[in-house]
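Student: Pasting a structure below so you can have a look.
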Amino acid sequence: MTLHFINATLIDPENGTEFTGSVSVEGAHISAVTEGGIANPKGEIIDCRGKYLAPGIVDLGVKVCEPGERHKESYRSAGLAAAKGGVTTMITRPDTNPAIDSPETLEFVTRRANEAAPVHVLPMAALTKGREGREMTEIGFLMDAGAVAFTDCDHVITDTRVFSRALTYARGLGALVIAHPQEPIMSKGAAVTSGKFASLRGLPAVSPMAERMGLDRDMALVEMTGAKYHADQITTARALPPLARAKKNGLDVTAGIGIHHLTLNALDVANYRTFFKLKPPLRDEDDRLAMVDAVATGLIDIVCSMHTPQDEESKRLPFEEAASGAVGLETLLPAALRLWHAEMITLPQLWRALSFNPAQRLGLASGRLAAGAPADLVLFDANAPFVMDRATLRSKSRNTPFDGVRMQGKVIATYVSGACVYDA
């Protein structure tokens with residue numbers, strides 16, 4: 001089937017450009033990208049009416065609760081939420097119950113994802129068995145079974161010997177290791193970032209320096225082993241200098257951040273609102289602004305939803321006891337557009353972090369507007385206003401901090417391999 005998207009404002013994150021043009025799709029791939037119109041197009045014509053057309057979002061770090069907690073999120077519900085949010089590829093986390101730490105479990109979730117989700121799903125696997133930090137998994141076998149990266153998620157490996165051996169083994173196989181930079185003793189039990197606000201609320205807090213300390217340790221081990229490393233979330237200004245030094249010194253290091261840490265701050269916790277309890281906790285406004293600047297300059301490479309479904313029973317608890325995390329697949333795009341509306345970042349810079357960079361880091365062909373690239377596309381109206389109502393979310397869990405918030409930016413349609421998987 002041939003599709004022609006005409007009269008579109010195209011976002012090309014690979015070349016950092018934004019222009020009016022057309023995109024032609026043959027089957028599952030883009031066949032041509034042209035400025036202006038298309039002479040004598042043959043096939044189905046989709047008039048974008050000046051709206052934005054961009055590569056579909058590649059969301060690195062989505063939690064789908066299969067196996068173990070399917071009542072929180074299934075591959076079907078997560079896939080529908082992703083399609084509605086303009087996410088065409090979900091990179092899923094292994095922090096399930098049980099953890100995805102064997103080829104058999106990995107093959108199970110891959111089969112479930114292919115059967116149920118309308119978008120691409122690529123799984124990550126645990127770096128250590130049970131995510132317990134004691135014995136590394138069979139990285140080679142898991143890569144053969146389809147694992148695109150290895151991570152223990154928010155479980156920090158405290159045994160540096162185990163971690164260094166895992167990094168060395170991963171380097172030999174060319175595997176990407178994703179880690180959670182945090183000093184685990186300092187951050188244990190913390191619910192908010194330390195400061196005057198945390199003291200006034202009487203909540204257990206952690207210093208931003210804990211993230212800096214965790215990253216410093218990881219950078220030393222990466223320098224020693226030469227491994228491919230990605231920090232899942234860098235959220236404090238104190239962690240930026242060691243990240244910049246590591247890149248300057250030629251280490252194979254990238255870093256990401258969740259959209260909530262780019263658009264919310266520590267004061268949003270307000271009167272113990274548990275939908276704002278995240279891991280790591282929300283930071284001060286100065287840190288948030290530093291993170292936005294780091295994304296704009298490319299020091300932080302990847303922006304993701306850090307989608308973490310939690311049911312009502314897990315969140316309707318005192319702040320200290322409530323589970324951490326928020327859903328984000330459907331709110332990632334309008335939340336990210338807040339930064340553009342505030343003139344803090346351009347759309348090509350934003351899409352480089354949302355789509356091109358995560359695809360490049362994982363060796364995927366997506367994330368580009370170019371002939372031969374997969375036809376994974378999102379058509380959206382960046383200025384469409386709406387009030388977020390969590391009752392309308394397609395996720396099984398509704399733990400979004402944006403409930404009742406005025407937002408701008410709606411997905412009009414999402415295409416995966418040239419097929420429309422969502423049409424507003």
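Student: For segment 336-419, what does the relative contact order come out to in percent, with C-alpha contacts under 8 Å and a separation of six or more?
Tutor: Details: 96 pairs, mean separation 25.0, N = 84.
In percent, rounded to a whole number, it is 30.
Student: Where a ≥ b ≥ c are the square roots of the eigenvalues of the C-alpha gyration tensor, would you call segment 370-411 rounded, which needs a/c under 1.5, or, failing that, prolate if a/b is larger than b/c, or oblate? Let's see the in-between values first.
Tutor: Working: a/c = 3.99, a/b = 1.80, b/c = 2.22.
Since a/c reaches 1.5 but b/c is at least a/b, the shape of segment 370-411 is classed as oblate.
Student: If I compute solvent accessible area with a 1.4 Å probe over the protein chains, what percent of it on the chain is carbon and sulfur? Please report the intermediate quantities before stating the final value.
Tutor: Values: 7960 of 16460 Å².
The nonpolar share, carbon plus sulfur, comes to 48 percent.
Student: Roughly how many whole Å is it from the C-alpha centroid of segment 270-288 to that of segment 158-193?
Tutor: 23
Student: Okay, moving on. How much of the calculated P(r) for segment 213-355 lies past 20 Å, in percent of all Cα pairs?
Tutor: Every Cα pair in segment 213-355 considered, those over 20 Å come to 50 percent.
Student: What does the accessible area of residue 381 come to, in Å² to the nearest 10, when a probe of 1.4 Å is used?
Tutor: 30
Student: Equivalent ellipsoid semi-axes for segment 320-396, as square roots of 5 times the alpha carbon gyration tensor eigenvalues: give them largest first, rounded to whole Å.
Tutor: For segment 320-396, the semi-axes come out at 26, 18, 14 Å.
Student: 7 Å from Cα along Cα→Cβ at both residue 384 and residue 316: what's the point-to-point distance in nm?
Tutor: Here the answer is 3.2 nm between the modelled labels.
Student: Calculated FRET efficiency, residue 196 and residue 247, Cβ-Cβ r, R0 30 Å, to nearest 0.05? Intermediate values should be presented prior to the final figure.
Tutor: Details: r = 33 Å, r/R0 = 1.11.
So, using R0 = 30 Å, E works out to roughly 0.35.
Student: Tell me which label goes with the value of volume of the Cα convex hull per residue in Å³ computed from the coordinates here: [x] 179; [y] 146; [z] 125.
Tutor: Comparing each candidate, only [z] matches the computed number.
Student: Here is a further query. Report for the chain the percent antiparallel among DSSP-assigned beta bridges with both residues inside it, nearest 5.
Tutor: Details: 33 of 64 bridges.
Beta bridges within the chain, antiparallel portion: roughly 50 percent.
Student: Turning to a different aspect of this structure: Could you work out the relative contact order of segment 90-163, using alpha carbon pairs under 8 angstrom and six or more residues apart, expressed as a whole percent? List each step's numbers first, then the result.
Tutor: Details: 128 pairs, mean separation 26.4, N = 74.
For segment 90-163, the relative contact order is 36 percent.
Student: So if I average 1/r over every pair of distinct C-alpha atoms in segment 8-78 and take the inverse, what Kirkwood radius in Å does that give? Walk me through the intermediate numbers first.
Tutor: On the way: mean 1/r = 0.0664 Å⁻¹.
About 15.1 Å for segment 8-78.
Student: If 93, 134, 212 are ordered by their accessible area, calculated over protein heavy atoms with a 1.4 Å probe, which sequence runs from highest to lowest? All intermediate terms of the calculation are to be shown ahead of the outcome.
Tutor: On the way: 93 25, 134 170, 212 60 Å².
Sorted descending by solvent-accessible area, the residues read 134, 212, 93.
Student: In what sequence, highest mean first, do 384-394, 406-416, 55-65 appear when ranked by Cβ atoms within 10 angstrom?
Tutor: Values: 384-394: 14.2, 406-416: 20.2, 55-65: 28.2.
Answer by packing, highest mean first, reads 55-65, 406-416, 384-394.
Student: Hey, another quick one. Any idea what the dipole of the chain comes to, in debye rounded to 20, about its Cα centre with Lys/Arg Cβ at +1 and Asp/Glu Cβ at -1?
Tutor: Working: 44 positive and 49 negative charges, 99 e Å.
Rounded to the nearest 20 debye, it is 480 debye.
Student: Same structure, new question: Once you order the gyration tensor axes a ≥ b ≥ c over the Cα atoms, which shape class does segment 61-178 get: rounded for a/c under 1.5, otherwise prolate or oblate by comparing a/b with b/c?
Tutor: Details: a/c = 2.09, a/b = 1.84, b/c = 1.14.
Judged from the Cα gyration tensor, segment 61-178 comes out prolate (a/c at least 1.5, a/b above b/c).
Student: Can you work out the Karplus-derived ³J(HN,Hα) for every residue in segment 120-130? Use 6.51 cos²θ - 1.76 cosθ + 1.60 with θ = phi - 60°, whole Hz, and x for glycine or proline.
Tutor: Karplus-based 3J(HN,Hα) across segment 120-130 equals 5, 10, 10, x, 9, 10, 5, 7, 10, 5, x Hz.
Student: In addition: Per DSSP H run of at least 4 residues, take -39500 (n - 2.57); add these up for the chain, divide by its residues and hand me the 222 nm value, nearest 500 deg cm²/dmol.
Tutor: Details: 14 runs with 122 residues, N = 424.
My calculation for the chain gives -8000 deg cm²/dmol from helical runs alone.
Student: Subtracting the Cα-Cα distance from 0.36 nm times the residue separation, let me have the gained length for residue 115 to residue 2 in nm, one decimal.
Tutor: Extending this stretch completely gives an extra 38.1 nm.
Student: Now, a different point. Could you provide, to the nearest whole Å², the per residue accessible area of the chain with probe 1.4 Å? It would help to have the intermediate numbers written out before the result.
Tutor: Numbers: 16460 Å² over 424 residues.
Per residue, the chain has an accessible area of 39 Å².
Student: Got the relative contact order for the chain handy, in percent, Cα pairs under 8 Å and 6 or more residues apart?
Tutor: Over the chain, the number comes to 20 percent.
The values are calculated or read from the model by the stated rules, or taken from the named source; none is laboratory data. Note that this is a predicted model, so its numbers are computed, not measured. Don't worry about glycine lacking a Cβ; one is built from the backbone with ideal geometry, like all the others, and counts go over all protein chains shown. Heavy atoms of the whole protein, side chains included, go into the accessibility calculation; ligands, DNA and RNA do not. Shrake-Rupley method; radii C 1.70, N 1.55, O 1.52, S 1.80 Å.
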